[in-house]
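Data block below; observations after.
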Amino acid sequence: MVWNTNLRWRLPVTCLLLQVVLVVLFGVFVRYDSDADPHWTNKKMQENFTSDLENEFYYRYPSFQDVHVMIFVGFGFLMTFLQRYGYSSVGFNFLLAAFGIQWALLMQGWFHSYYQGYIHVGVENLINADFCVGSVCVAFGAVLGKVSPVQLLIMTLFQVTLFSVNEYILLSLLEVKDAGGSMTIHTFGAYFGLTVTWILYRPSLQQSKERQSAVYHSDLFAMIGTLFLWMYWPSFNSAVSNHGDAQHRAAINTYCSLAACVLTSVALSSALHKKGKLDMVHIQNATLAGGVAVGTAAEMMLMPYGSLIVGFICGIVSTLGFVYLTPFLEARLRIQDTCGIHNLHGIPGIIGAIVGAVTASCATSDVYGVNGLAVAFGFDGFKTNWNASMQGKFQAAGLFVSLAMALVGGIIVGIILKLPFWGQPADENCFEDSVYWEMPEEPKSTVLHPEDSTLKPSEP
Amino acid sequence: MVWNTNLRWRLPVTCLLLQVVLVVLFGVFVRYDSDADPHWTNKKMQENFTSDLENEFYYRYPSFQDVHVMIFVGFGFLMTFLQRYGYSSVGFNFLLAAFGIQWALLMQGWFHSYYQGYIHVGVENLINADFCVGSVCVAFGAVLGKVSPVQLLIMTLFQVTLFSVNEYILLSLLEVKDAGGSMTIHTFGAYFGLTVTWILYRPSLQQSKERQSAVYHSDLFAMIGTLFLWMYWPSFNSAVSNHGDAQHRAAINTYCSLAACVLTSVALSSALHKKGKLDMVHIQNATLAGGVAVGTAAEMMLMPYGSLIVGFICGIVSTLGFVYLTPFLEARLRIQDTCGIHNLHGIPGIIGAIVGAVTASCATSDVYGVNGLAVAFGFDGFKTNWNASMQGKFQAAGLFVSLAMALVGGIIVGIILKLPFWGQPADENCFEDSVYWEMPEEPKSTVLHPEDSTLKPSEP
Amino acid sequence: MVWNTNLRWRLPVTCLLLQVVLVVLFGVFVRYDSDADPHWTNKKMQENFTSDLENEFYYRYPSFQDVHVMIFVGFGFLMTFLQRYGYSSVGFNFLLAAFGIQWALLMQGWFHSYYQGYIHVGVENLINADFCVGSVCVAFGAVLGKVSPVQLLIMTLFQVTLFSVNEYILLSLLEVKDAGGSMTIHTFGAYFGLTVTWILYRPSLQQSKERQSAVYHSDLFAMIGTLFLWMYWPSFNSAVSNHGDAQHRAAINTYCSLAACVLTSVALSSALHKKGKLDMVHIQNATLAGGVAVGTAAEMMLMPYGSLIVGFICGIVSTLGFVYLTPFLEARLRIQDTCGIHNLHGIPGIIGAIVGAVTASCATSDVYGVNGLAVAFGFDGFKTNWNASMQGKFQAAGLFVSLAMALVGGIIVGIILKLPFWGQPADENCFEDSVYWEMPEEPKSTVLHPEDSTLKPSEP
């Protein structure tokens, strides 16, 4: 099939249209929250704050910046491993995330920060918008190299919407705890993306197989992404937890889980190669599974050894997934998962949801203290007569809701994206930047000898 | 013309001389401010601080580190897009910034932190020194590839001095608000750099035209710079704002403006290419214009939608500038602007100054609260009887002062840099690392097959 | 000699065994400290905290994240300068650091955070674990390219242990101040690593000489490491200092020292080249020596000009070391120091220890205030009748203990690592990723012309 990949009008019109709509909706709906408004001076006096530091900004801003780096550099560079798709990986991720955070501010705002006729945004909204976009970045990994930027914008539009609905059901209706988003971000994002790529199945994709691999330097660029994700994940899982011990604990648990995950990923990667050699794909991806899988339970009393166990298991499961499951999914289930998000976000996300449900079920006032238990799970208001076991059941329910939303949503969005006029590349042009990017000419010769004769001699 | 580019004595002597002078001046003038001095323990008791956190360090340090990354990694890598100028982009930026921050601590210190015979430095001084150097990094973008490191040190020496004078006039005499430096940093830096490059016009620069473009991986390195600038810009614009809501609001506004700017940059980049393809130059640069243009107004009540509108406009204007204005400036006005700083810092800086002046003019106590208005614009002391409209007029005056300083200063410094003994490269050797750097020999063959026969076989 | 470098069973077994032991030990010993435990709500009330911000998390977490970046991206990428060893540099550093931080949490925990039968971990433990691993990363630089990942894990196991013992002797027995670890991290790490590489001397290493150098892009990757180390070093040296002015001062001193160090490194690099050209090795490494050398004294009243002087000297000494000392050590003392850690961490570490001892000796209550002096050096408890001069002597003693521990420990560990079954590479295969990594096939042609004929034409 011959596709028209000239996006000269489609991409500009899509971008400008979306941005104009966003400006109008922001104009109608979005205002600063009380901590970002000049009237905060009054609030400070009324609430008897002893210090300007009580502004929410100082609790959350460093974490926000770390999360921001994860979304734009982390996800963006993680996907640059493909030899001819670096511009698109970083550039399209940049585009979809920049659109997504604006749309997420609105969608999440209507659900969670809407009162007196306005959405009130503060630093926590910025973090949550980044989180929401994180789930789109996950899904992008599944379709990487096979879609046009217009398709990505459409996908982002729908996925952010569905994410916000799902998040509202989980956090506000089911009263689920999911600080690091094992369910809302990773499970939802992964299965949504996998469903979309399943709908967009390309039977002749092997025509661009030679570009669906790395070269030496592209793997190093990808490690920039991996490491920034890995290092800042403690901030990700603790960014919106309760002030104080919960944020502190979430960071420690994530740190532990990720460390353990590296060792088991390396172990399996070596063990599964006939000469014991390590595979960059595993080091780039499976080492991160531990961060996904403590997303829900990080702020709970998972205990440091519990975190290590979670990371231990996920490094193994994720690496096995890359070696055995990804080829199986592609061959048998026609799911072409470019980045292997099923192994990094799908299974670890489910594990994370289960770990969260079990950890919540086991919560006792011995471990948390009476106050601590009420604060940690919000056992007040209509949840006054909840107990830990009930919380655990609702946690489990949250997992199924997320999976259902992902599958149903993914099918619908996949069908929309299958329409032939979005500028998608032909099978033989997948994983190729030059379809959508003006490419630099390769230099005639990259070699300039240290004593280059083309340089004018310098005077003695 | 044959230039002597052997810097063996000129560069070392310049560096060592400058550094010795800095050591002496620091010895005579620089001390810790009260929050970085051990006597702070006493101050804490006297001022009845309830917490060690009241130390200014905790309000500003995370923002400082983000700004620091912008200056050294952000600007440094942004300029690595040239195929043979990566060492110089990162390395010279490193050098000039390391010198500049020390000199800026002194210059800004004399103007703003000098009392009891000493300059007192704290974390806010570090941020301001980084800001000042940011303006030099901007100007570096205009002359990139065409000057020697000695010239850059001379330029930095003068530019930091002029920056500090200009900043003093704006902030202390005109009482202008310019938290993110649309005027002091970007407008001043851009027009200063453009004037210098205009004076240094090289009529035969097309002789090194083939190196004045990117290769595949150099564009990816440049995206590291772009993204760290983009992500940390909210910290840049909020770093020295008032504690509390002002810092909070500045971060939100910058976040919004930058997001909108990405979409319109992409839209224009695609629309202006005959096949609708995106140009990496626009993605690397125009996407940042939104951060420049909310520099002045970020801490004001610009409103989230106002920020979106600013970003919206700047993405368009900046991309148009790259496509139409840069070639025009070079062909007609003899301004060779290597990085296109006119489009990223020049025009957006002016837009930012105007947006700031208008936003200040519109400030009312309805919007800010009576207290809030006084705090936001410092309407106390001799400004007690100022009103918003007056503030707006002074804001506008600040823009003209900055432009005048940049033009006059740029001409003088340009003439100094035109002297023939600074080791500048010949026209045919511009944009080439090997003039100033020991280059690695290229490997005979970069290809090592996975089962490389040069490797000894391992035992079974 | 033919080595078996197939790690299929050795590496997985080592990783899994270590990780299982860590899980068990964490299960038995590690719990959250009071600021990361849900009972913190009670502590808050008992200790009358006015704000959640009093949680140690908010004092230290931003610094922790910066240090974390230094360990994983900083050290990891700094070592990617080798043309064919990028995967191993980043990947093995990732592996050893992930293992090391877990083991360090235990070892340092037993010495410093063990009470009521448990190790209690909080954010400060995470920072200290990263610090401890920093010393292993330093030592890794000496043996880079010549050891297998199994050897690195064994080395990490022993070095973390020795580090913790040495740190305990210095900080707890000798009551030495060493906030930025000039002695405990850099001096110990460097001389430990140099001793190990001395024991592991490879007489035929010139067989892989052609890979022991950089290519153009590998040097740019290394600059990512350099810059993140350089930028975040103020956080490194201030991360575990006392709250308030000490943290603040440590950051300022480090900032100053590093800035001065850049100028003198550049000066010497140019002066020592016959055509005045700069050497990337010096820019990547010597510019950091100033951070090492203010490690001990950063939190003391070194004064800004004192910091500049330290940086000034270290840039010179370090660059001279790269030019003259490293070849001498290799030729005469049979110390093959791949990254030149002797110049970056060894000598500057010793300088740092001396600067610290002198600065401590000169401390007076005039400069620090009576309170300040007691707080800064902990002159209470059994140190009540100490004075500054005594502190200075103990500082000096700390240096000699660190050197002795490094030498003795390095010999023992070196001998263990010399055993022939750890999978080390043959001399002709050193500095080569493909020994331990599955390598990507190089593309047939990296050149795709902008109007690539392999791309299907798009419809008009």
Residue within the stretch B:341-362 that is in contact with a Pro (Cβ under 8 Å, 6 or more places away or on another chain) and modelled with pLDDT under 95 present: no
Criterion (facing chain B (nearest Cβ under 9 Å), of a type in the set (S, T, N, Q) and within 22 Å of B:M300 (Cα to Cα)) met by exactly one of A:N6, A:N55: A:N55
Qualifying residue in the stretch B:24-43 (condition: free of Cβ contacts under 8 Å to residues at least 40 places away in the same chain, more than 7 Å from every other protein chain (Cβ to nearest Cβ) and farther than 19 Å from A:S51 by Cα): yes
Neighbours by Cβ (under 7 Å, 6+ apart or cross-chain): first from the stretch A:257-285, outside any loop (DSSP other than H, G, I, E, B); second among the charged types (D, E, K, R) and buried (at least 24 other Cβ atoms within 10 Å of the Cβ): A:M280/A:D219
Breaking point among (1) crowded, with 23+ Cβ neighbours inside 10 Å; (2) of a type outside the set (F, W, Y); (3) farther than 21 Å from B:V121 by Cβ, for B:Q46: (1)
Unmet requirement for B:R31, which otherwise passes all of (1) over 25 Å from the mean Cα position of the chain (by Cα); (2) over 30 Å from B:L157 (Cβ atoms): (2)
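Residue-wise test of (1) within 8 Å of chain C (Cβ to nearest Cβ); (2) modelled with pLDDT of 95 or more.
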| residue | (1), (2) |
| --- | --- |
| B:I415 | no, yes |
| B:Y436 | yes, yes |
| B:E441 | yes, no |
| B:S445 | no, no |
| B:D452 | yes, no |
| B:K456 | yes, no |
| B:E459 | yes, no |
Which listed residue, of C:F140, C:F94, C:F64, is in contact (Cβ under 8 Å) with a residue 60 or more places away in the chain and farther than 22 Å from C:N343 by Cα: C:F64
Subset of the stretch B:323-346 [assigned to a helix (DSSP H, G or I) and surrounded by fewer than 24 Cβ atoms within 10 Å (Cβ to Cβ)]: B:V323, B:Y324, B:L325, B:T326, B:P327, B:F328, B:L329, B:E330, B:A331, B:R332, B:L333
Matching residues, the stretch A:49-79, being among the acidic types (D, E) and open to solvent by less than 30 Å² (accessible area, probe 1.4 Å): A:D66
Residue within the stretch B:12-20 that is at pLDDT below 95, at negative phi, surrounded by fewer than 21 Cβ atoms within 10 Å (Cβ to Cβ) and within 7 Å of chain C (Cβ to nearest Cβ) present: no
Residue check, B:M107 within 24 Å of B:L229 (Cα to Cα), among the aliphatic types (A, V, I, L, M) and open to solvent by less than 30 Å² (accessible area, probe 1.4 Å): no
Cβ pairs under 6 Å, 6+ apart, first in the stretch B:191-220 and more than 21 Å from A:D433 (Cβ to Cβ) and at pLDDT 95 or above, second outside any helix (DSSP H, G or I) and of a type in the set (D, E): none
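Residue-by-condition table, conditions (1) within 30 Å of C:Y436 (Cα to Cα); (2) facing another protein chain (nearest Cβ under 9 Å); (3) surrounded by fewer than 24 Cβ atoms within 10 Å (Cβ to Cβ):
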{"residue": "C:Q83", "(1), (2), (3)": "yes, yes, no"}
{"residue": "C:N93", "(1), (2), (3)": "yes, no, no"}
{"residue": "C:A97", "(1), (2), (3)": "yes, yes, no"}
{"residue": "C:F111", "(1), (2), (3)": "no, no, yes"}
{"residue": "C:H120", "(1), (2), (3)": "no, no, yes"}
{"residue": "C:V138", "(1), (2), (3)": "yes, no, no"}
{"residue": "C:L144", "(1), (2), (3)": "yes, no, no"}
Whichever residue in the stretch A:203-216 is farther than 15 Å from A:M79 by Cβ and open to solvent by 10 Å² or more (accessible area, probe 1.4 Å) and, among such residues, is farthest from the other protein chains (Cβ to nearest Cβ): A:P203
In the stretch A:356-368, the residues that are open to solvent by 30 Å² or more (accessible area, probe 1.4 Å) and either away from every other protein chain (no Cβ under 14 Å) or of a type in the set (D, E, K, R) (or both): A:V358, A:S361, A:D366
Qualifying residues in the stretch C:232-257 (those that are surrounded by fewer than 24 Cβ atoms within 10 Å (Cβ to Cβ) and over 16 Å from C:S182 (Cβ atoms)) - the one farthest from the other protein chains (Cβ to nearest Cβ): C:N242
Tally, over the stretch B:369-389, of residues that are more than 7 Å from chain A (Cβ to nearest Cβ), under 17 Å from A:W40 (Cβ atoms), more than 29 Å from the chain's Cα centre (by Cα) and open to solvent by less than 20 Å² (accessible area, probe 1.4 Å): 0
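The values are calculated or read from the model by the stated rules, or taken from the named source; none is laboratory data. The structure displayed is predicted, hence computed values, not measured ones. Note: ideal-geometry Cβ built from the backbone for every residue, glycine included; neighbour counts use all protein chains shown. In case anyone asks, the SASA skips ligands and DNA or RNA and just uses the protein heavy atoms, side chains included. Shrake-Rupley method; radii C 1.70, N 1.55, O 1.52, S 1.80 Å.
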